[in-house]
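The values are calculated or read from the model by the stated rules, or taken from the named source; none is laboratory data. Since we're looking at a predicted model, the values are computed, not measured. Don't worry about glycine lacking a Cβ; one is built from the backbone with ideal geometry, like all the others, and counts go over all protein chains shown. Accessible surface areas use protein heavy atoms only, side chains included; no ligands, DNA or RNA. Shrake-Rupley method; radii C 1.70, N 1.55, O 1.52, S 1.80 Å.
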Amino acid sequence: MVRPRIEAVGSYLPATETSTAELLAQLAVDSPIDLERISGVRHRRRCAADEDSFTVAMAAARTALDNSRYDAADLDIVISCSITRIHGDEFWVEPSFALLLRNELGATGAIHFDVSNACAGMMSGVLVLDRMIRAGIVKRGLVVSGEYITPISDTAVREMSEKYDPQFASLTVGDGAAAVVLDGEGSADEGIDHIELNTSAGFAQLCLGMPSDRSSGIALYTDNRAMHNEARYLLWTTRQRDVLAAQGSSFAAEGYDHVIHHQFSAPAVELVSKIAEREFDAPVPPALMVLDRYGNTASTSHFVVLHDALKQQRIASGAKVLMVPAASGVVAGFLSVTLGDLRV
């Protein structure tokens, strides 16, 4: 049976850095909370004048291919998962980013399409490619996302007028990109164990990105109090517990070495871990985080964390990693993967 694996990973973070203190100093109202303490975000990266969603996605894709044994011409498919498809001064819908990336990389024989699923975009792209490889439709492919998302924080800085404002979460985002190469060469000791996602549409109105209702900017409106609560967090634990039980396994039996959560709030991740330990009746490994340095990089966050941890040699070959998404929609689920010897 074919077992997909992560064959290579890459990421790109712009060089320009902005601190939380610098961002809050631009607000017309006093900040109602200590954003750095509440979110865990101390700094975030911002695209330079000559950077956008496309250029950072290209940089991450090239890094992944540099770390891969495959060339771009070997790819059967390119899947782009960006929320922000900003290229130059325009937001692109057609042609697809996947087509633009495919052509620029030289993967001219690859099929291509975009998958957009909020901050679970890359996770959704990996799920689609995992299933395509298992079905024998393709042998290998690239999943990539580039996010130029800090314009929503610029909108928030201009427009926030209340101490509790639905644009407050916009102040935690950062720009960045990530890419992974998957193939079907996995083994018993390396490969994607499980990947499952589910959407609970009842929460869909709690976090919405759209053109601002007050200016020409792009805005994000989030009801943080309703969004981040135990009922929402249980969407993950319930789903994973049910999937593992159906296979005669359990969280403890899986033996995870590392957990990577969506990078949205350090204190919230601590709470999620406590809830998970209660629900799984098992210890949960400490979460790998980059939130303090890079902020919430949207759809790229899990793989930015993975690439960063590999570069810092915090993850060893053979490690079993659990990735837990949390996205508008609301999207929950999990990706369980045993890593091989990845070059970074």
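Output the relative contact order of the chain, whole-number percent, from Cα pairs under 8 angstrom with separation of 6+ residues. 26 percent. For the chain, the share of DSSP beta bridges that are antiparallel, to the nearest 5, is 70%.
Solvent-accessible area assigned to carbon and sulfur over the stretch 13-114 amounts to 47 percent, based on a 1.4 Å probe. Each residue of the stretch 19-24 was assigned a 3J(HN,Hα) from its phi angle through the Karplus expression (A = 6.51, B = -1.76, C = 1.60, θ = phi - 60°), giving 7, 4, 4, 5, 5, 5 Hz with x at Gly and Pro.
Here the chain is assigned +1 on the Cβ of each Lys and Arg and -1 on the Cβ of each Asp and Glu. Its dipole about the Cα centre then comes out at about 440 debye. Using a 1.4 Å probe on the protein chains only, how many percent of the accessible area of the stretch 165-227 belongs to carbon and sulfur? Accessible surface attributable to carbon and sulfur in the stretch 165-227 totals 53 percent.
Counting other Cβ atoms within 10 Å, which chymotrypsin sites (Phe, Trp or Tyr not before Pro) in the stretch 145-201 have at most 14 and lie in a DSSP loop? Walk me through the intermediate numbers first.
Values: sites: TYR148, TYR164, PHE168; in loops: TYR148, TYR164.
Qualifying residues, ordered by number: TYR164.
Taking a straight line from the alpha carbon of LYS320, these lysines sit under 28 Å away, with near neighbours fewer than eight places off in the same chain left out: LYS139, LYS274, LYS311.
Only helices enter this figure: runs of n ≥ 4 DSSP H residues, each worth -39500 (n - 2.57), summed and divided by the residues of the chain, yield -9000 deg cm²/dmol at 222 nm to the nearest 500. Just so you know, the Rg over Rh for the chain is 0.95, from Cα atoms, with Rh as the Kirkwood radius. Computed with the Debye formula from one identical point scatterer per Cα of the stretch 166-216, without solvent, the log10 of I(q)/I(0) at q = 0.13, 0.28 Å⁻¹ comes to -0.69, -1.19.
Each of GLY40, ILE152, GLN240 was placed along the dipole of the chain (beta-carbon charges, centred on the mean Cα), and the one lying farthest toward the positive end is GLN240.
In this calculation the C-beta distance from ASP66 to THR16 is compared with R0 = 25 Å, giving a FRET efficiency of 0.60.
Rg/Rh for the stretch 1-86 (Cα atoms only, Rh after Kirkwood) is 1.13. Taking amide hydrogens as placed 1.01 Å from N in the peptide plane, the amide H of VAL138 sits under 5 Å from those of ILE133, each at least 5 positions away in sequence or on another chain.
The trypsin sites (Lys or Arg not before Pro) found in the stretch 111-214 that occupy coil by DSSP, while having at most 12 further C-beta atoms within 10 Å, are LYS163, ARG214. Going by accessible surface with a 1.4 Å probe and the largest first, GLU94, GLU7, GLU185 read GLU94, GLU185, GLU7. Accessible surface calculations at 1.4 Å, restricted to protein heavy atoms, place the stretch 43-128 at 40 Å² per residue. Considering only VAL138, ILE111, ALA98, and ranking their Cα positions along the charge dipole of the stretch 97-149 that arises from unit charges at the beta-carbon of Lys, Arg, Asp and Glu, the one farthest toward the positive end is VAL138. Within the full protein context, the accessible area of ASP71 is estimated at about 100 Å² for a probe radius of 1.4 Å. Our compactness index for the stretch 123-230, the C-alpha radius of gyration over the empirical 2.2 N^0.38 Å, is 1.43.
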